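Scroll down for the structure; my scribbles are underneath it.
The values are calculated or read from the model by the stated rules, or taken from the named source; none is laboratory data. Quantities reported herein were computed from a predicted structural model and do not represent experimental measurements. Every residue, glycine as well, gets a Cβ built from its backbone with ideal geometry; the counts of neighbours run over all protein chains shown. These area figures cover heavy atoms from the full protein model, side chains too; ligands, DNA and RNA do not enter into them. Shrake-Rupley method; radii C 1.70, N 1.55, O 1.52, S 1.80 Å.
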Amino acid sequence: GIELDPTIFEMHYNLAVAYTQDEDYLNAIEEFKKVISMKPEHAISYYSYASAQNNLAKDIKDKKIRLNEKNKLYKVETSENEETQPQEQPELTDKEKKLVVEYYNSAIANYEKFLELKPDAEEKSEAESQIQNIKQTLEADASGEQ
């Protein structure tokens, strides 16, 4: 079967990493899902997947990625001079806020899965501090919403 071909795994993994480096977290997440379904024991995939989810949540919060009326995420196009003032963007919708929380929680779960698979990883402290940062962000957002 396909899952036995390591070249296909490598291809998807490298593609996911390339998307991440290109800050295309939507596509990175889709590729990491495939990678993890092919090799559920590949620890670093969970770390990278979590990072992509964390960054996507931040991009939605920063209104760089929005949800359209068909519930599809898309990148907000900004011209060069708009980089400095993207404040004309409307407030986040409730669906977008919910999505941010979902991506953050999923990122935490994937960082934790990474630590479970590789408790002695050199990225351990980085993963733990990311988990703490996300939890603090979620708490701050939740308390700010009341």
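Exactly one residue among SER125, SER106, SER48 is in a helix (DSSP H, G or I), out of contact with any strand residue (DSSP E or B) (no Cβ under 7 Å at 6 or more places or on another chain) and exposed (fewer than 13 other Cβ atoms within 10 Å of the Cβ), and that residue is SER125. Out of LYS98, LYS63, LYS70, LYS113, one residue alone is among the basic types (Lys, Arg), free of Cβ contacts under 8 Å to residues at least 40 places away in the same chain and open to solvent by less than 80 Å² (accessible area, probe 1.4 Å). It is LYS63. Evaluation of LEU73 against the conditions (1) at pLDDT 95 or above; (2) touching a Lys or Arg at 6+ places or on another chain (Cβ under 8 Å) shows that the sole unmet condition is (1). Give the residues of the stretch 14-44 that are within 12 Å of the chain's Cα centre (by Cα) and of a type in the set (Ser, Thr, Tyr), sorted by residue number. Once the filter is applied, which keeps residues that are within 12 Å of the chain's Cα centre (by Cα) and of a type in the set (Ser, Thr, Tyr), the stretch 14-44 yields TYR19, THR20, TYR25.
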